[in-house]
Amino acid sequence: MYYAITGIDHPNSLEKRLSVRPAHVERLKALKDAGRLKMAGPFPAIDAEDPGEAGFTGSLIVAEFESLEAAQAWADADPYIGAGVYKDVSVRPYRIVLP
């Protein structure tokens, strides 16, 4: 089943985000290589493809896991949590309808 993982950033956490982004992206690449990643990306803080110094307000990941517990465990191990980027993370079952 797919799960939506939503992380909400602490204010002014762009430097922390950028410092651990390579490790965060490596985990996403591993999901992609396993055929389990549907989509992933950040929420820009402003209406722009590249928000620059405005940074981001969080992220959305939609990926396939064996269970809610497995998805939660994967989310809990995200480098953004350890670095203090995310102040809140939610993991919910997600059903793809379209496309």
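What number of residues within region 16-49 satisfy the criterion of being touching a residue at least 60 places away in the same chain (Cβ under 8 Å) and touching a Gly at 6+ places or on another chain (Cβ under 8 Å)? Break it down into steps so the answer makes sense when it comes.
The initial filter retains those residues of region 16-49 that are touching a residue at least 60 places away in the same chain (Cβ under 8 Å), namely 16-17, 19-20.
Subsequent filtering for residues that are touching a Gly at 6+ places or on another chain (Cβ under 8 Å) retains 16-17, 20.
Number of matching residues: 3.
Yes or no: region 59-71 includes at least one residue that is buried (at least 18 other Cβ atoms within 10 Å of the Cβ) and closer than 13 Å to His24 by Cα.
yes
Kindly list the number of the only condition in (1) of a type in the set (Val, Ile, Thr); (2) surrounded by fewer than 13 Cβ atoms within 10 Å (Cβ to Cβ); (3) closer than 27 Å to Asn12 by Cβ; (4) touching a strand residue (DSSP E or B) at 6+ places or on another chain (Cβ under 8 Å) that fails for Ile96.
Failed condition: (3).
Can you tell me which condition Gly52 does not meet? The list is (1) touching a residue at least 40 places away in the same chain (Cβ under 8 Å); (2) farther than 13 Å from Pro79 by Cβ, and all the others hold.
Here Gly52 meets the rest and fails (1).
The conditions are (1) more than 14 Å from the chain's Cα centre (by Cα); (2) not in a helix (DSSP H, G or I); (3) not aromatic (Phe, Trp, Tyr), and Ile8 fails exactly one of them. Which is it?
The number of the failed condition is (1).
Could you name every one of the helices (runs of 4 or more DSSP H) located completely within region 13-99 that has at least 2 residues being within 14 Å of Met1 (Cα to Cα) and within 15 Å of the chain's Cα centre (by Cα)? Walk me through it before giving the result.
Working: elements: 14-33, 68-76, 79-82.
Fully inside region 13-99 and qualifying: 68-76.
Read-outs: derived from the displayed coordinates by stated rules, not from any lab. If you're wondering where the values come from, they're calculated on a predicted model, not measured in any experiment. We place every Cβ from the backbone using ideal geometry, glycine too, and count neighbours over all the protein chains shown.
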